Amino acid sequence: MSYPYITAMTAGVILIMQIVLAYMVSDTRGKAQTSLGDGGNNMMLKSVRRHGNLAENAGLFIAAFSLLELSRFSPTLLIILCVAFVISRVLHAIGMSQAQSTNVMRFIGGVGTYIIGLVLGGCLVWIGMQSMMVKV
């Protein structure tokens, strides 16, 4: 079994993005003089949610990407899903930074993440079912 290079690169990009968003939360906290929560500050709320939303999704997706890569199901599909996930998360973070909370970038980023998750989950279920059928 080989090292999951595609997932590792994706995890690296997502980790850097997570650290940048975490820094932005810290910076906004300092400017807003808010130690905990959002203090009723809309910019603080947006900053916390940009960071939190990525954190809510990143770990599970990276784990699932790793399983797909280790299965050697389809490296091309894996690359497409990883690139689409990074793009979706970047678009979502940019959309969450806009003055208008409902916008095209946030929508595309969110829907993209949902679609990628469904495809990724479906692939993993398919692989599991195929493996079970072989063993029966």
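A few comments on the model shown:
- Based on the convex hull around the alpha carbon atoms, the range 33-93 presents an average projected area of 4.8 nm².
- Rg/Rg_globular for the range 44-136, with Rg_globular taken as 2.2 N^0.38 Å and Rg from C-alpha atoms: 1.26
- Sequence-separation-based contact order of the chain, relative, with Cα cut under 8 Å and 6+ spacing, percent: 25 percent
- By other beta-carbon atoms within 10 Å, ranking T10, T28 with the fewest at the front produces T28, T10.
- Helical contribution to [θ] at 222 nm, DSSP H n ≥ 4, -39,500 (n - 2.57), averaged over the chain, rounded to 500: -30000 deg cm²/dmol
- Taking other Cβ atoms within 10 Å as a rough exposure proxy, V86, V104 sort from fewest to most as V104, V86.
- Across the range 97-103, computed HN-Hα scalar couplings (Karplus, 6.51 cos²θ - 1.76 cosθ + 1.60, θ = phi - 60°) run 8, 6, 4, 8, 5, 9, 8 Hz from first to last residue, x flagging Gly and Pro.
- Cα-based helix-to-principal-axis angle, 5-32 vs the chain, degrees rounded to 10: 10 degrees
Values in this text are rule-based calculations from the coordinates and carry no lab data. For clarity, every value in this text was computed on a predicted model and none was experimentally measured. All Cβ positions, even for glycine, are placed from backbone atoms using ideal geometry, and neighbour counts span all protein chains on display.
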